[in-house]
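Okay, so here's the structure we're looking at.
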Amino acid sequence: MNKQRLLLFVSAAFAALLLIGGVIGALLRLVNELRYSLQYFLPYWLVGPVLFLASILFLGLLVQIAWPWWHEFIKKRDSSGRNQTFQATPPQNRRQAAKQSLESIDRLIERLQDDVAKEGLRQQRERVENELARGDLIVVVFGTGSSGKTSLIRALLNEMVGVVGAPMGSTTNSERYRLRLKGLERGLQLIDTPGILEGGEDGRTREKEARLRASRADLMLVVVDSDLRAAELEIIKSLANLGKKLLLVLNKCDLRGEDEERRLLALLRGHCKDLISPENVIPSSAAPQSVPAPGGKPWQPPTEVDKLLRRLAKVLYEEGEELLSDNILLQCRNLGETGRQLLDNQRRSVARKCVDRYSWISSGVVAATPLPGIDLLGAAAVNAQMVMEMGRIYGVQVTKDRAQELAVSVGRTLAGLGVVKGGMAVIGTALSLNLPTFLIGKVIQAVTAAWLTRVAGASFITYFKQNQDWGDGGMQEVVQHHYDLNRRESSLQKFIQIAIKKVVEPLQKNTQRQLPPRPRPRGVEEAWDREHPKQ
């Protein structure tokens, strides 16, 4: 078997040498024939330089022809290689998935053109990357003002922190404290947030900060001191829908009896049965009130946070790594959505400018071609070119045939919905009062073409924004929607004002230049002829 392989290899090498030798020999014979031919009409000393120059020109032409093809081939190969590499290495865990999400955000940042938006997204990306590298678990204490959040943190830390027992709204900024739990490798950061549901502008600002902190937490302790209000329940639902792990803490249990405590816990578990598991609804007494003792010092009951500490330690020990990874993945996803929204806004802005430009190009085509059939062909060609350019804006390669197909399909949909006739009627009504009679027909056709191109262009923006999908209602529903938007009085009046400047006034000036000069009175012509006799 080895001898056969060696024989095949030697035979293939020998065949390749023969082929290369034959090609080189053919080229040498061609050069010799050219040299002999040139000697008939060129001096002997000039033949060599001419052949050398001709060879350089030939090689330059060959490189110019072959280089674009080679460059495209290399580009496609690298692109396919990157795609295969990406598909061949799926994330093995949540941390790798987060890193891949950050890489996709980097690609989004590169495509943004607004420097301010780009810098803001880059700063957010760096923050999430730092979150990925952090070592502590983040637990945010969240709830209404004076529900006992700071007292609860003090009890957990077993030391005095913050301002306790002050009026509502005393925590005006988020405060951060560090805690170590036995058996937990990671440290724990407790963040005390401002109270929610407070009045005034300052209260709304503090609530916004508290919600932001909560959305970035690995775990949340929601502190209440009574049954849930409707607003509190809505906030808990919104946070749970983000995928956050919640522990609901019923604080100030020292103020009520055991029966009342059991009743409140049952109510809370019933309200949150689809959001929080029953074992995660926990009673506590973070700052029990002192009990008077006749004839002696008041008795200070101990804090009751053992149940909370045990549950907190159990959840973090069993689910801490998953909670941290899920939180970072959530932040990556939110950041990616923000980046995609910025990119979508950028694309939509550029696409609208594209539609506006092609609208007036279509208007000019119709104004320059008086035959209705040529008008339709010209407008269709303009719309097809618009589709191709819009595809490039959205990063989609649209072929010329596909662009023409889309343009014709939308044109037929416009006609089938009666938009063409309806558009001419709407535009004609808006323009007839501002035009001389001899311009009405031509101008209405030209402006209507621009308006219909605008409707078609807005429909194409929706199509590309939805990843080349017309949606459940199909093309007809999208076209009808944008037709209704563009025929609104405010949109139509704004469009008509622009159309008068871009179409009507230029046509009026052009018509005035083309009209023959008015004849002068007969007496004036005779006097002119007497004063200026012909030579």
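With (1) part of a helix (DSSP H, G or I); (2) small (G, A, S); (3) over 24 Å from G145 (Cβ atoms); (4) without any contact (Cβ under 8 Å) to a residue 40 or more places away in the chain as the list, and A231 as the residue in question, which single condition is left unmet?
It fails just one condition, (3).
Out of V479, V504, report the one residue that is assigned by TED's automatic domain parsing to the domain that holds V426, modelled with pLDDT of 75 or more and β-branched (V, I, T).
Only one candidate passes the filter, namely V479.
Taking region 310-335 as the region of interest, how many residues are in contact with a strand residue (DSSP E or B) (Cβ under 8 Å, 6 or more places away or on another chain) and either crowded, with 19+ Cβ neighbours inside 10 Å or of a type in the set (F, W, Y) (or both)?
Adding up the residues that qualify gives 6.
Can you confirm whether L221 is buried (at least 20 other Cβ atoms within 10 Å of the Cβ), outside any helix (DSSP H, G or I), out of contact with any Cys (no Cβ under 9 Å at 6 or more places or on another chain) and not polar (S, T, N, Q)?
Yes; evaluated as a whole, the condition is true for this residue.
Could we say that T338 is surrounded by fewer than 18 Cβ atoms within 10 Å (Cβ to Cβ), hydroxyl-bearing (S, T, Y), in contact with a helix residue (DSSP H, G or I) (Cβ under 7 Å, 6 or more places away or on another chain) and modelled with pLDDT of 80 or more here?
The answer is yes for T338.
So which residues in region 398-423 are closer than 16 Å to Y463 by Cα and of a type in the set (G, A, S), if there are any at all?
Selection gives A403, A407, S409, G411.
The values are calculated or read from the model by the stated rules, or taken from the named source; none is laboratory data. All of these numbers come straight from a predicted model, not from anything done at the bench. As a convention, Cβ positions derive from the backbone with ideal geometry for all residues, glycine included, and neighbour counts pool all protein chains shown.
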